[in-house]
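Since the structure comes first, as structure tokens, the remarks are kept for the end.
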């Protein structure tokens with residue numbers, strides 16, 4: 001396994017990023033495409049997971065909108081501490097410090113926001129299989145992916161729409177997969193919004 005792969009799969013790497021405030025992926029609020037998706041949902045009694053949630057902007061928004069079965073998952077203790085500091089009333093039992101690839105539970109909806117792009121390409125197949133495993137029958141995976149590659153050996157890792165489609169196709173039906181129309185300005189035209197349903 002390449003050295004950079006080992007590094008970014010270690011919680012200590014991400015603890016250091018948060019401690020040094022090197023969190024360029026964090027836009028300080030819920031991403032507009034995800035907010036728009038959540039706002040049109042008609043049921044809020046579903047179980048929702050936000051993996052690699054970091055400071056948990058999506059978690060906070062979901063919970064505030066009445067999605068009381070929303071769970072935060074991250075393996076960075078520093079990220080979780082920061083989330084708790086800003087969300088002191090969020091249920092402790094729904095804050096999970098754990099490795100996503102070892103997580104065992106079942107969810108109706110999983111929200112993807114910069115988690116995929118934090119993982120080395122070598123872990124993408126594992127990511128898709130784990131998402132499929134922890135989604136309930138008919139469960140959905142919704143989120144954003146960068147639609148271009150980055151010239152860097154460190155996160156974020158992007159790719160092309162064709163690559164993503166090939167990766168997800170064996171496990172999911174594509175309900176929506178298109179360039180986001182409402183990204184924040186620095187990411188305009190650079191994000192794919194997707195909604196997938198478990199096969």
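Would you mind finding the one in 43, 6 that is out of contact with any strand residue (DSSP E or B) (no Cβ under 6 Å at 6 or more places or on another chain) and assigned to a helix (DSSP H, G or I)?
On the way: 43 fails: assigned to a helix (DSSP H, G or I).
When all the criteria are applied, what remains is 6.
For residues that are under 16 Å from the mean Cα position of the chain (by Cα) and in a loop (DSSP other than H, G, I, E, B), scanning just region 46-68, find the one that is surrounded by the fewest Cβ atoms within 10 Å (Cβ to Cβ).
Looking at the filtered set, the residue picked out is 47.
What number of residues in region 69-88 are in a loop (DSSP other than H, G, I, E, B) and either touching a helix residue (DSSP H, G or I) at 6+ places or on another chain (Cβ under 9 Å) or within 16 Å of residue 17 (Cβ to Cβ) (or both)? First the steps, then the outcome.
Quick first cut of region 69-88, residues in a loop (DSSP other than H, G, I, E, B) only: 69, 75-76, 87-88.
The next check asks that each one be either touching a helix residue (DSSP H, G or I) at 6+ places or on another chain (Cβ under 9 Å) or within 16 Å of residue 17 (Cβ to Cβ) (or both); those that pass are 69, 75-76, 87.
The number of residues fulfilling the criteria is 4.
State whether the residues of region 183-191 include one that is assigned to a loop (DSSP other than H, G, I, E, B), within 18 Å of the chain's Cα centre (by Cα) and modelled with pLDDT of 95 or more. If you could, list the steps in order and put the result at the bottom.
We begin by selecting, within region 183-191, every residue assigned to a loop (DSSP other than H, G, I, E, B); these are 183-184, 188-190.
Adding the requirement that they be within 18 Å of the chain's Cα centre (by Cα) leaves 183-184, 190.
Add one more test, that the residue is modelled with pLDDT of 95 or more, and what stays is 183, 190.
Yes; the residues of region 183-191 include at least one that is assigned to a loop (DSSP other than H, G, I, E, B), within 18 Å of the chain's Cα centre (by Cα) and modelled with pLDDT of 95 or more.
I need a count of the residues in region 111-145 that are assigned to a strand (DSSP E or B) and under 16 Å from residue 177 (Cα atoms).
Pass one, region 111-145, residues assigned to a strand (DSSP E or B): 111-113, 135-145.
Imposing the further condition that a residue be under 16 Å from residue 177 (Cα atoms) reduces the set to 111-113, 140-145.
So the count comes out to 9.
Do you know which residues across region 159-182 are assigned to a helix (DSSP H, G or I), in contact with a strand residue (DSSP E or B) (Cβ under 9 Å, 6 or more places away or on another chain) and within 16 Å of residue 149 (Cβ to Cβ)?
Taking region 159-182 first, the residues assigned to a helix (DSSP H, G or I) are 161-168.
Narrowing further to those that are in contact with a strand residue (DSSP E or B) (Cβ under 9 Å, 6 or more places away or on another chain): 161, 164-165, 168.
Those that are assigned to a helix (DSSP H, G or I), in contact with a strand residue (DSSP E or B) (Cβ under 9 Å, 6 or more places away or on another chain) and within 16 Å of residue 149 (Cβ to Cβ): 161, 164, 165.
So in region 150-164, with the set limited to residues that are more than 16 Å from residue 123 (Cα to Cα) and surrounded by 13 or more Cβ atoms within 10 Å (Cβ to Cβ), which one is modelled with the lowest pLDDT? If you could, list the steps in order and put the result at the bottom.
Taking region 150-164 as the starting set, the residues that turn out to be more than 16 Å from residue 123 (Cα to Cα) are 150-152, 160-162.
Next cut, surrounded by 13 or more Cβ atoms within 10 Å (Cβ to Cβ) only: 150, 160-161.
Values: 150: 92, 160: 96, 161: 96.
Among them, the one singled out is 150.
Would you confirm whether or not region 108-125 contains a residue that is surrounded by fewer than 17 Cβ atoms within 10 Å (Cβ to Cβ), over 14 Å from the mean Cα position of the chain (by Cα), touching a residue at least 24 places away in the same chain (Cβ under 8 Å) and farther than 23 Å from residue 15 by Cα? First the steps, then the outcome.
The first filter runs over region 108-125 and keeps only residues surrounded by fewer than 17 Cβ atoms within 10 Å (Cβ to Cβ), leaving 121-122, 125.
Next cut, over 14 Å from the mean Cα position of the chain (by Cα) only: 121-122, 125.
Next, only the ones that are touching a residue at least 24 places away in the same chain (Cβ under 8 Å) stay: 121-122, 125.
Now narrow it down to the ones that are farther than 23 Å from residue 15 by Cα: 125.
So far as region 108-125 goes, yes, one or more of its residues are surrounded by fewer than 17 Cβ atoms within 10 Å (Cβ to Cβ), over 14 Å from the mean Cα position of the chain (by Cα), touching a residue at least 24 places away in the same chain (Cβ under 8 Å) and farther than 23 Å from residue 15 by Cα.
Checking the condition within 17 Å of the chain's Cα centre (by Cα) and crowded, with 19+ Cβ neighbours inside 10 Å, which residue from 26, 74 passes?
Testing whether each residue is within 17 Å of the chain's Cα centre (by Cα) and crowded, with 19+ Cβ neighbours inside 10 Å leaves just 74.
The values are calculated or read from the model by the stated rules, or taken from the named source; none is laboratory data. Small disclaimer: the values here were computed from a predicted structure and weren't measured. Cβ atoms come from the backbone with ideal geometry, glycine included; neighbour counts cover every protein chain shown.
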